[in-house]
Amino acid sequence: MNRVEQMQQIQTNALELFRKKNIDYGDAFAKYGVIGVLMRIEDKIQRSLSITKNGVNLVNDEGIRDTLLDLHNYAAMALMLLDE
């Protein structure tokens, strides 16, 4: 698999995750605008730093890969809000 195919696979995974969470949360991300999404990005960055630095993952079902997919989606959400 080349890099473009890898990127497509990651984006497919991220889109499916977004679909699932959007069913649960709807457009809640838009409530506080871009600033709110940027705050969530900061949370995810801190989480990824903690996981990689300490090797500690207190949320059993969310590892570094899941956290990075969330970051991908939060960046896309911020872009959606900017483009409105």
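Out of the stretch 6-56, which residues are among the hydroxyl-bearing types (S, T, Y) and part of a helix (DSSP H, G or I)?
Within the stretch 6-56, T12, Y25, S48, S50, T52 meet the criteria.
Restricting to the stretch 1-10, what's the tally of residues that are free of Cβ contacts under 8 Å to residues at least 12 places away in the same chain and either under 15 Å from L68 (Cα atoms) or surrounded by 11 or more Cβ atoms within 10 Å (Cβ to Cβ) (or both)?
4
Which residue pairs have Cβ atoms under 8 Å apart, sit 6 or more places apart or on different chains, and have a first residue in the stretch 28-57 that is of a type in the set (V, I, T) and a second that is loosely packed, with under 11 Cβ neighbours inside 10 Å?
Qualifying pairs under 8 Å: V34/L82.
Looking only at residues that are closer than 21 Å to I10 by Cβ and part of a loop (DSSP other than H, G, I, E, B) in the stretch 60-84, which one is modelled with the lowest pLDDT?
D61
The values are calculated or read from the model by the stated rules, or taken from the named source; none is laboratory data. Predicted model only: the values in this text are computed from it and were never measured. No Cβ is skipped: glycine too gets one built from the backbone with ideal geometry, and neighbour counts run over all protein chains shown.
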